[in-house]
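Below is one structure, written out as structure tokens, with a few remarks after it.
The values are calculated or read from the model by the stated rules, or taken from the named source; none is laboratory data. Everything numeric here is computed off the predicted structure, so don't read it as measured data. Virtual Cβ from ideal backbone geometry, glycine too; neighbours counted across all protein chains shown. In case anyone asks, the SASA skips ligands and DNA or RNA and just uses the protein heavy atoms, side chains included. Shrake-Rupley method; radii C 1.70, N 1.55, O 1.52, S 1.80 Å.
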Amino acid sequence: MKKQLLLFLVFLTGATGMNAQVFWSEVATGFTAASRGINQVSYADANNIWCTAYDGITTTNVIREYTRSNDGGDTWTPGVINLGSTTLGIGCIAGTSGTDAYVAAFPDTGGLGGIWKTANGGTTWTKQATASFNATASFTNVVYFWDANNGFCMGDPDTPTTFEIYTTTNGGTNWVRVSASNVPVPLDGEYGYTRSFAANGNAIWFGTNKGRMYRSFDKGLTWAVSQTPIADMQTGNYAFADLNNGLLITDDWQFFRTTDSGATWVSEFPIGTYRNAAVTNVPGVNGCAYVSLGEDIDLGERGSSYTTDGGLNWIDVNGQDDTNADNGSDVSFFDGGHGLAAGFNTSSTVGGAFKYVGSASLFDCTLATTSYTTAKTFTASPNPTSGVLNLNGKSISNVTVYDAVGKEVANKNYSALSNVTFDLSSFNNGVYMVKVTNAAGKSDTIKVVKQ
């Protein structure tokens, strides 16, 4: 049946560097086994961070390990999440201090999952009995805490009528099941995913295999649901900058925006390089900054990008910093000056994660929006198109078309024209990058959808 979120494990094949600034600094996560990947980052505060691990070589191996930092990500202490069972997988982690953290554990080959807590830095873990998850169909996906007391956890429907959701107001001493009347009825066969959620303020969102997104604005007490533009949220990565505005980016680079908390989504075609495997908002910068990890659509290079205008324009970190985040599993920012991206280690003293070492002012929307929001030299319409594409601009001399994996599929020269008609009717449906160059050498790359 299951169903952890897909992990993107392809390493960088190369990158160019302008060395304009340092964005990431690679840090050692301390795991003894090589190729330990980070699959989740949880900030308790600016200094205290908890991460869970997975096997970057054999991803089906069950890994019950964590690493934590008490100095903002400079040094790390790894450990084992001992739940008293070898049949449980770690679905999610939520740190609330340097000593306290919670994990959502799911049945791997049998046994009952649930929520476990450590209050001594991971030395021991104790099951939270009142978040029972004890039905045959129970499968624990997510745990999240807003502070030391208030938290929520979510699992798949344990009956045909409701997702299994609990909330706590006392640090997990007591968990209370959310009434089925406050949770929209799931579709037939609908379930959630481990670590698939977003949070902002008192709001929380999670996605399902039916392409739907559940949302709550009161720390999980009441819920609404709506359909996203994609069929299965396993292929989607999402984040919310505030209660209304969010982004959804799919594995195949489809890009959607919401301004109503996820009730509706609009397809967009951003300018610049964004990535397809993970996305997070950067808190505290007026709701306009995001960072994404994964592959870029042009070259397929692993790395990271950021935006300071809500996702309209993206800046490629690979072109600025030779230290490129090589694991697309997760990225998280506590604020504009504290962030961490997933990596892979090579030993206990080399690699594993990437700490943000840039300036908080980089994400200042009041400064960056003007700098980075620029008009295209060339335009393309209609977009999407079923065939004919009209390209407009000054002195167009060349049009080159690339498919979604970066392979050149068409190339044609022109004699400094202002308007060019390019026929895509023979192309397969999908996403293409159309590079338009003028006689002076100025070029723009426009994302075009053929449908």
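Things to note:
- Filtered residues of segment 158-186 (kept if in a strand (DSSP E or B) and either modelled with pLDDT under 95 or open to solvent by 50 Å² or more (accessible area, probe 1.4 Å) (or both)): D158, T159, T162, V176, R177
- Positions within segment 41-60 being of a type in the set (A, V, I, L, M, F, W, C) and touching a Cys at 6+ places or on another chain (Cβ under 9 Å), in sequence order: V41
- Yes/no for I165 being in contact (Cβ under 8 Å) with a residue 24 or more places away in the chain and touching a helix residue (DSSP H, G or I) at 6+ places or on another chain (Cβ under 9 Å): yes
- Exclusive hit being surrounded by fewer than 17 Cβ atoms within 10 Å (Cβ to Cβ), in contact (Cβ under 8 Å) with a residue 24 or more places away in the chain and over 25 Å from T222 (Cα atoms), set T126, T87: T87
Yes or no, residue by residue, for (1) of a type in the set (S, T, N, Q); (2) farther than 15 Å from I230 by Cβ; (3) in contact with a Lys or Arg (Cβ under 9 Å, 6 or more places away or on another chain):
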position: I249; (1), (2), (3): no, no, yes
position: Q254; (1), (2), (3): yes, no, no
position: T258; (1), (2), (3): yes, no, no
position: G262; (1), (2), (3): no, no, yes
position: V266; (1), (2), (3): no, no, yes
position: F269; (1), (2), (3): no, yes, yes
position: Y274; (1), (2), (3): no, yes, no
position: V279; (1), (2), (3): no, no, no
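- Here G155, G189, G207, G220 are screened, and the one residue that is open to solvent by less than 10 Å² (accessible area, probe 1.4 Å) and not in a strand (DSSP E or B) is G220.
Condition check ((1) modelled with pLDDT of 85 or more; (2) among the small types (G, A, S)) across all residues:
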residue	(1), (2)
T385	yes, no
V388	yes, no
K407	no, no
G441	no, yes
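- Candidates T86, T58, T32: the one that is part of a loop (DSSP other than H, G, I, E, B) and closer than 18 Å to T126 by Cα is T86.
- Counted as qualifying within segment 379-437 are the strands (runs of 3 or more DSSP E) with 3 or more residues that are among the polar types (S, T, N, Q) and in contact (Cβ under 8 Å) with a residue 12 or more places away in the chain, namely 388-402, 408-423.
- Residues in segment 61-82 that are part of a strand (DSSP E or B) and open to solvent by less than 30 Å² (accessible area, probe 1.4 Å): Y66, T67, S69, G79.
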